[in-house]
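First the structure, in the form of structure tokens, and then the observations on it.
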């Protein structure tokens, strides 16, 4: 792919320092649909195409939000519609559908709890032509439900914890023709359950931590036809587990004994990913958390790959495969929590320091759409906004609000690299060059550039051979573009 390929956003969703909080990013046909806040209408339904990003519909016409800005959730595509939970200000959070057509109003398809309280739908998945989600009807508490578009009927499927309390269902995952999830009752605690549509029955898969104690399984990830997740027991702490459709097996004991080898995380956070023949996970070393570990399924051996923060917690999260490489958010003392990449050999490398210096941009909401990887990130000048990564020899990351084509040549270089920035309008920019630990090794101060082609010379002859990052920042200090620079 060309290093200067771009998708351009024609407007700033929430201008200035306000955050748009893009959530529930979901590919729907030729567009990406998500929730966002423009600072006026609250968190509402938005859509993005190759040429236009716009509010799709203001479901809650007041300044309140119709979509709760919760990370690590998606919408569900079924047939010609996309489904999601929303609150119109009258019915509470319930199930809606949208056709994807500009001007079409989303439709309330199921009001499970009548009145303004709403059924508080959170997670939603599609399997074999039906939707599965958690909901509270006011009588049975939060349980598993389904919606059949053929009958336009929502049906409660479980009553795992009898009464109005509910079973606190989470991590709803479609696997091998069944729905798997974590659920609680007073006898088993929070354990791994499944729903089988063929028999219309819900059952516990295994009481992983026997008795009333909870194993609280989460981080559900399907890799090569198997379901991987983390779970906790009083004997081994929280470790990596695998379910093949018949048996549950513990795979690791990173911290010997009852210490946790993995940290419990919020629903939907990806801390397990498959690459090649290996399973990679965010693991503990007994003192600090979130380092990169590798589990070899052939040998059963788990080994440490890398600590992005060798003197503290790496906090690796949001592990995602894109273009044959692993991308994730991770922390170190120099760059804060930023975007990293690992190819499966050597060591992981920092891709972008979006919030310059030790402050964290905390990348999240990774979604691939077409040839790009989109994610949200924070910068003090712009708040939480949407960024994109496109795979190329220089691994370019671009703020989708930056209307420019950027090239760098020669790359690799031995002496001077030229950054060619083709701007649509006059803009002030600065340049930082960083090493792989996030330390700034060269700076071009804020300078005004005209529309059209602008060439910025970056001398690198004094730098040691290796991989560096160059970043472009606007006058407010927000990162607009970042890419790799190779010094020979």
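With contacts taken as Cα pairs under 8 Å and at least 6 residues apart, region 243-346 reaches a relative contact order of 19 percent. Note on region 23-398: the alpha carbon radius of gyration divided by the globular reference 2.2 N^0.38 Å gives 1.00. Residues 99, 303 in ascending order of nearby Cβ atoms (within 10 Å, fewest first): 303, 99.
Cβ crowding within 10 Å, taken as a proxy for footprinting-reagent exposure, orders 366, 168 from fewest neighbours to most as 168, 366. Per-peptide packing, taken as the mean over residues of other Cβ atoms within 10 Å, places 151-164, 203-216 in the sequence 203-216, 151-164 from highest down. Each Cα pair of region 260-399 feeds into the Kirkwood radius, which the Stokes-Einstein equation turns, at 37 °C and 0.692 mPa s, into a diffusion coefficient of 215 µm²/s.
Dividing the mean sequence gap of close Cα pairs (under 8 Å, 6+ apart) by how many residues region 383-488 holds gives a relative contact order of 30 percent. The alpha carbon centroids of region 114-139 and region 32-83 are separated by 18 Å. Bridge orientation summary for region 44-193: considering DSSP beta bridges with both residues in this region, about 95 percent are antiparallel. The distance separating the Cα centre of region 144-217 from that of region 245-262 comes to 22 Å. What number results when the radius of gyration of region 1-135, computed over Cα atoms, is divided by 2.2 N^0.38 Å? In units of the 2.2 N^0.38 Å rule of thumb, it is 1.06. Per residue, the average separation of C-alpha pairs within less than 8 Å and at least 6 apart gives the chain a relative contact order of 9 percent. For 229, 264, the sequence from fewest to most other C-beta atoms within 10 Å is 264, 229. Pair-distance distribution P(r) for region 119-184, from all Cα-Cα distances in 10 Å bins starting at 0: 23, 56, 20, 0 percent.
Here, each number is a calculation from the coordinates, and none is a lab measurement. Keep in mind that what you see is a predicted model, and the values were worked out from it rather than measured. So basically every Cβ, Gly included, is an ideal-geometry build from the backbone, and we count neighbours across all protein chains shown.
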